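See below for the structure under consideration.
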Amino acid sequence: MNTPVRVRFAPSPTGYLHVGGARTALYNYLFARNQGGVFVLRIEDTDAARSTDESLAAIFDSMKWLGLSWDEGPGVGGPFGPYFQSQRRDHYGIHAQALVEAGRAYPCFCTAAELEERRKQMAERGEAPKYDRRCRGLDAAERERRARQGPAAIRFALPDQGETDWDDVVRGNVAFQNQVLDDFVVVRSDGRPTYNFACVVDDHEMQISHVIRGDDHISNTPRQILLYQALGWHGPRFAHVPMILGADGSRLSKRHGATSVAAYREMGYLPSALLNFLALLGWSYDGTQELFTLAELERLFRLERVGSNASVFNLEKLDWMNGQHLKRLPESERIRLVSEYLKERGWDLSSRSPEWTAMLVRAIGDRMKKLSDAEVHGAFALRDRLEMEESAWASLRERSNAAELLDALAARLEADREFSLESLEREMRALAAERGVKAGELIGMARVALTGRTVSPGIFEVMALLGPERTIARLEQAASRWREASPRARV
Ligand code: GLU
């Protein structure tokens, strides 16, 4: 039997989109595209207290920025909506009722305080905390009597014995002893479904064929499979993808650095590079090729090639990959992305021509690994105020002829009406020859005076980016600062 491929990404809007979540979304997306299937976005917002509009917006934003478009879900609709769990309560109620009627679930009247007390006692006896099934054996009359006193939760009646297993696409056969599982709540006394129950009802109703998710959910899977069986439904195939680890081998968390997709966007990574990087955290094509476009990933991705070993999030590799993706873009695209990025970061480029940004991008050249490198390497030109690095200044201070040469250079450039890359080079070399210094030395001094650093893009590009006024002013300022710092040198 060939069931059409339908997969879903099911985030809870209780925070930003984590890079691990993005990888889960990506694998689902790629599998759907690759199999000619459907990619569903479902919002698991049953926890009203923790779900926020801001995180929902952040999830949508990050998904869109990454280019992971969904075929069904919020904003696009589809035949199995609504796609927000908060709007599907009646669906859960109907199926919970069916479970009760079939004797596979039962009302539980225990209060939170009672449960807590019993949990404590179990812990004191050294037992694993588990619901003691107190309400499972109540007879119909007792249930009715208690129901009149207030609403009840509904618990799933689990089998005592046996095991539940499945053939996981990533991990092979996985089995759990049923006795380690609890008679868990499917619908709370206030009518809200629990994650495991809502997930099963929705995956069934939305005709999900494959559940691809992080392996932090693996202990939920036997519970969900038992629910499918109790409801008489055919369950999906499961693929549990290993966690992403930080450099120290523990699960990737904020301790290791940024974990949100939005933060990587802000840091100047390209969506194509981040996707490429995430794809390879767990999947490989032939073990050799590392650079892929999204279109290539869509074509080449195979769920069977997702490995069961956890992968480490290696930032250096991401940087390298991002540099490669940037390099492969047509220059015009790189320029467009840089100017968009700079604007998003609050730089006012309104007085700058498009050629100016193009020149900045060219001046930085291959040093640009991230869009933010335009800010780092271009800071001298983006800011009107020069930020002088201490060590750079110290290197200038050591030069006995610095002030004199910088002043002379300023004077020469003032007379240079052309102020082009060619004329600037000509003037610089002429001055060096005239004063009997090496052009490289003069350039080194000018670099510190103009950029505040000892490393920068090419000096003539630096001058052109600054323009005549700022160039001359900075040369003169450096000269006078140098003189003020060495009063005796004046004579
Ligand atoms: N809402 C769950 C989560 O964000 C979804 C888990 C699943 O894919 O079943 O972890």
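Throughout, read-outs are computed from the coordinates displayed, never taken from laboratory work. Source: prediction; values computed, not measured. Virtual Cβ from ideal backbone geometry, glycine too; neighbours counted across all protein chains shown.
The peptide list 263-269, 173-179, put in order of mean Cβ contacts within 10 Å with the highest first, becomes 263-269, 173-179. With both labels modelled 7 Å from their Cα along Cα-to-Cβ, the residue 286 to residue 142 distance reads 6.8 nm. In the chain, helical runs assigned H by DSSP with n ≥ 4 each contribute -39500 (n - 2.57); averaged across all residues and rounded to the nearest 500, the mean residue ellipticity at 222 nm is -15000 deg cm²/dmol. Normalised by the number of residues in segment 334-491, the mean separation of alpha-carbon contacts (under 8 Å, six or more apart) gives a relative contact order of 27 percent.
If the only charges are +1 at each Lys and Arg Cβ and -1 at each Asp and Glu Cβ, what is the size of the charge dipole of segment 88-241 around the Cα centre, to the nearest 20 debye?
Values: 22 positive and 24 negative charges, 92 e Å.
The calculated dipole for segment 88-241 is roughly 440 debye.
Amide hydrogen proximity for residue 8: with H placed 1.01 Å from N in the peptide plane, the residues at 5 or more positions away or on another chain lying under 5 Å are 40, 212.
Remark: segment 314-462 carries a charge dipole of roughly 380 debye about the Cα centre, counting +1 on each Lys and Arg Cβ and -1 on each Asp and Glu Cβ. With R₀ fixed at 41 Å, the C-beta to C-beta distance from residue 180 to residue 53 puts the FRET efficiency at about 0.60. Kirkwood radius and radius of gyration were both taken over the C-alpha atoms of segment 382-490, and their ratio Rg/Rh is 0.93.
You can think of it this way: the chain between residue 391 and residue 420 has 7.4 nm of extra reach, that is 0.36 nm per residue less the Cα-Cα gap.
Taking every alpha-carbon pair under 8 Å whose residues sit at least 6 apart, segment 88-241 reaches a relative contact order of 25 percent. Couplings 3J(HN,Hα) of segment 232-237, computed from phi: x, 10, 8, x, x, 7 Hz, in residue order, whole Hz [Karplus 6.51 cos²θ - 1.76 cosθ + 1.60, θ = phi - 60°; x for Gly and Pro].
Note on the chain: antiparallel DSSP beta bridges, both residues inside, total approximately 55 percent of the bridges counted. Close Lys pairs in the chain, defined as Cα atoms under 17 Å apart and 8 or more places apart or on different chains, number 7. Packing, taken as the mean count of other beta carbons within 10 Å per residue, orders the peptides 65-77, 115-127 from highest to lowest as 65-77, 115-127. The Cα trace of segment 88-241 gives Rg and Dmax of 16.2, 49 Å, the first to one decimal, the second as a whole number. By the Cβ-Cβ criterion of under 4.7 Å, the unpaired cysteines of the chain are 110, 199. Panel values: the chain, Kirkwood radius from alpha carbon pairs, Stokes-Einstein at 37 °C and 0.692 mPa s, translational diffusion coefficient 120 µm²/s. Here the average projected area of the convex hull drawn through the C-alpha atoms of segment 30-69 stands at 3.3 nm².
Counting 0.36 nm for each residue step from residue 102 to residue 234 and taking away their Cα separation leaves a gain of 45.8 nm.
May I ask you to derive the FRET efficiency for residue 441 and residue 485 from their Cβ-Cβ distance with R0 = 25 Å, giving the value to the nearest 0.05? After rounding, the FRET efficiency stands at 0.80.
Measuring nothing but how far apart in sequence close Cα pairs (under 8 Å, 6+ apart) lie, relative to its length, the chain scores a relative contact order of 12 percent.
For residue 108, the residues whose modelled amide H falls within less than 5 Å of its own, excluding neighbours fewer than 5 places apart on the same chain, are 153, 154, 155. Extension gain for the segment residue 120 to residue 188, taken as residue separation times 0.36 nm less the Cα-Cα distance, is 22.3 nm to one decimal. Remark: the chain carries a charge dipole of roughly 420 debye about the Cα centre, counting +1 on each Lys and Arg Cβ and -1 on each Asp and Glu Cβ.
A viscosity of 0.692 mPa s and a temperature of 37 °C, combined with the Kirkwood radius over Cα pairs in Stokes-Einstein, give a translational diffusion coefficient for segment 174-265 of 212 µm²/s. If R0 is 41 Å, what FRET efficiency do you get for residue 87 and residue 134 from their C-beta distance, rounded to 0.05? The formula returns an efficiency of 0.75 here.
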